[in-house]
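The values are calculated or read from the model by the stated rules, or taken from the named source; none is laboratory data. The model shown is predicted, which means the values in this text are computed figures rather than measured ones. Virtual Cβ from ideal backbone geometry, glycine too; neighbours counted across all protein chains shown.
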Amino acid sequence: MTCPFCKLIVEGTWLCETTHAVAIADAFPLTPGHSLVLPRRHEPDFFALDADERDAVFALAWELKRILVERHQPDGFNLGVNVGAAAGQTVGHAHLHVIPRYCGDVREPRGGIRWIVPDKARYWR
């Protein structure tokens with residue numbers, strides 16, 4: 001088994017689960033509690049998930065949020081999906097990042113995910 005996420009799914013290494021999706025801790029967390037929600041079926045492209053898988057991923061994100069609030073008390077969240085190498089996807093298994101955010105964890109949080117293109121992040125100038 002070459003997919004690291006499939007390996008974790010088979011091993012049962014998850015935080016919570018549904019029939020079509022599981023949530024796992026990110027191996028290289030950006031913040032405490034940073035986790036991933038992934039479909040059980042191996043599919044690299046998030047946009048190729050079927051309706052049941054998409055619904056399961058997003059429903060599980062709400063359950064995961066509850067768990068993360070209980071364990072880490074974050075002040076906010078970023079959600080993100082990278083689709084394809086050009087977008088930064090490094091593991092070829094579709095997944096949704098659920099990233100707890102904390103007041104003061106970065107100097108300038110305004111703009112959120114816009115910081116993936118730093119020259120365009122400060123649109124409010």
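Report yes if Leu79 is in a strand (DSSP E or B) and either over 16 Å from the mean Cα position of the chain (by Cα) or closer than 19 Å to Glu17 by Cα (or both), otherwise no.
yes
If I filter region 40-47 for residues that are buried (at least 19 other Cβ atoms within 10 Å of the Cβ), at pLDDT 95 or above, within 17 Å of Gly80 (Cβ to Cβ) and not charged (D, E, K, R), do I get at least one hit?
yes
Go through region 1-35 residue by residue and tally those that are surrounded by fewer than 18 Cβ atoms within 10 Å (Cβ to Cβ), of a type in the set (Gly, Ala, Ser) and assigned to a loop (DSSP other than H, G, I, E, B).
2
Quick one: which of Gly92, Gly88 is closer than 16 Å to Phe28 by Cβ and surrounded by 10 or more Cβ atoms within 10 Å (Cβ to Cβ)?
Gly88
Can you find even one residue in region 100-115 that is in a loop (DSSP other than H, G, I, E, B) and within 29 Å of Thr2 (Cβ to Cβ)?
No, region 100-115 contains no residue that is in a loop (DSSP other than H, G, I, E, B) and within 29 Å of Thr2 (Cβ to Cβ).
Applying the selection to region 66-101, what residues are out of contact with any helix residue (DSSP H, G or I) (no Cβ under 8 Å at 6 or more places or on another chain) and touching a residue at least 60 places away in the same chain (Cβ under 8 Å)?
Gly92, His97, Ile99, Arg101 - these are the residues of region 66-101 that are out of contact with any helix residue (DSSP H, G or I) (no Cβ under 8 Å at 6 or more places or on another chain) and touching a residue at least 60 places away in the same chain (Cβ under 8 Å).
Can Ala87 be described as within 16 Å of the chain's Cα centre (by Cα) and either modelled with pLDDT under 95 or not hydroxyl-bearing (Ser, Thr, Tyr) (or both)?
yes
Scanning for something under 18 Å from Trp14 (Cα atoms), of a type in the set (Val, Ile, Thr), outside any helix (DSSP H, G or I) and in contact with a strand residue (DSSP E or B) (Cβ under 9 Å, 6 or more places away or on another chain), does region 36-44 turn up at least one residue?
Yes, region 36-44 contains at least one residue that is under 18 Å from Trp14 (Cα atoms), of a type in the set (Val, Ile, Thr), outside any helix (DSSP H, G or I) and in contact with a strand residue (DSSP E or B) (Cβ under 9 Å, 6 or more places away or on another chain).
Give all pairs with beta carbons closer than 9 Å in which a residue from region 40-61 that is more than 18 Å from Thr90 (Cβ to Cβ) and in contact (Cβ under 8 Å) with a residue 24 or more places away in the chain meets a residue that is of a type in the set (Lys, Arg) and surrounded by fewer than 17 Cβ atoms within 10 Å (Cβ to Cβ); count only pairs at least 6 apart in sequence or on separate chains.
Going by the 9 Å Cβ cut-off, the qualifying pairs are Leu49/Arg41; Glu53/Arg41.
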